[in-house]
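Just so it is clear, none of the values below were taken in a lab; they were calculated from the coordinates. The shown structure was predicted, so the numbers you read here are calculated from the model rather than taken from an experiment. No Cβ is skipped: glycine too gets one built from the backbone with ideal geometry, and neighbour counts run over all protein chains shown.
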Amino acid sequence: MRKNQTLGQLIGALRQRNGWTLKQMSDKVGIPLSTLAKVETGKLSLSYDKLQQFTARLGLSMVDFLAQEAGAGGGADAPPVVTGRRSLTAEGNAVRIRTGNYDYEYLCADLRQKRMVPILTRVHAASLAEFGELVRHKGEEFIYVLEGTVEVHLEFYAPVTLRAGQGIYIDSLMGHAYLRKDCESAVVLAVCSGEDPDLQSDLIGLAEAERQT
């Protein structure tokens, strides 16, 4: 990747490597030829959704697309492509799931394929007997206590108590449970991360399975 390469140049390079005309690429990705022409010449950009459509129609993830370009020979100092991702924690932009142990609120739900999943969580269980089996899933996570007191139970460590303003970062594959301690309920902000672009869907699936048990 050449230094200061634009999104248009990235797309143009991909098109040229495949030997496609603008018309052929337009047909493949479902984006008007006039739009692609303006993007390649730097007169227009693509929204994140359109760029996601572009890569998906070509059988690439966003990561695949950017990694492919990065591997074309630019070096570590090449600037990243700005895709303009953003999402607000507005009313209605969340997925809510209530289970016996937690009330989950998955924030910024309109933004797909997130590598970090922010979750506002109200903790209900007060003991491991009430909580049940420790939770495990791919990735890592950070929790920060907003209200109340939380006792963190981890598979390989002694329990630790966190009060409002304190947090902990853990490997999510390690069994873990968050319990309220000496309070009616506690609220934490959790941020889960991982390499899987469908991490949010996986986490919601685990919560739905927990709700049904």
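Taking the square root of 5 times each eigenvalue of the Cα gyration tensor, what semi-axes in Å does the equivalent ellipsoid of the chain have, largest first?
43, 17, 15
Taking R0 as 41 Å, what FRET efficiency do you get between A209 and D182 from their Cβ-Cβ distance, rounded to the nearest 0.05? Result of the calculation: an efficiency of 0.85.
For the residues T21, T161, T121, a GNM of the chain with alpha-carbon springs under 10 Å puts the largest fluctuation on T21.
Of the trypsin sites (Lys or Arg not before Pro) found in the stretch 110-150, the ones in coil according to DSSP and having at most 15 other Cβ atoms within 10 Å of their Cβ are R112, R115, R136, K138.
Lysine pair count for the chain with Cα-Cα distance under 23 Å and sequence separation of 8 or more or different chains is 11. The C-alpha atoms of the chain define a longest principal axis, and helix 7-17 lies at about 60 degrees to it.
Taking GluC sites (Glu not before Pro) in DSSP loop states with no more than 11 other Cβ atoms inside 10 Å as exposed sites, the chain has its longest site-free stretch at 1-90. Quick check: the distance between the Cα centres of the stretch 196-210 and the stretch 162-190, to the nearest angstrom? If we compute the Cα centre of each part, the gap is 19 Å. Between L22 and D110, what length comes free when the chain is fully extended (0.36 nm per residue of separation minus the Cα-Cα distance, one decimal in nm)? Fully extending the segment from L22 to D110 adds 28.6 nm. Within the shell defined by Cβ-Cβ distances under 14 Å, the residues around A177 carry a net charge of -3, with Lys and Arg each +1 and Asp and Glu each -1.
Each residue of the stretch 94-212 gets 92 Å³ once the volume of the Cα convex hull is shared out per residue.
Take the Cβ-Cβ distance between Q166 and Y48 as r, set R0 to 25 Å, and report the resulting FRET efficiency rounded to the nearest 0.05.
0.15
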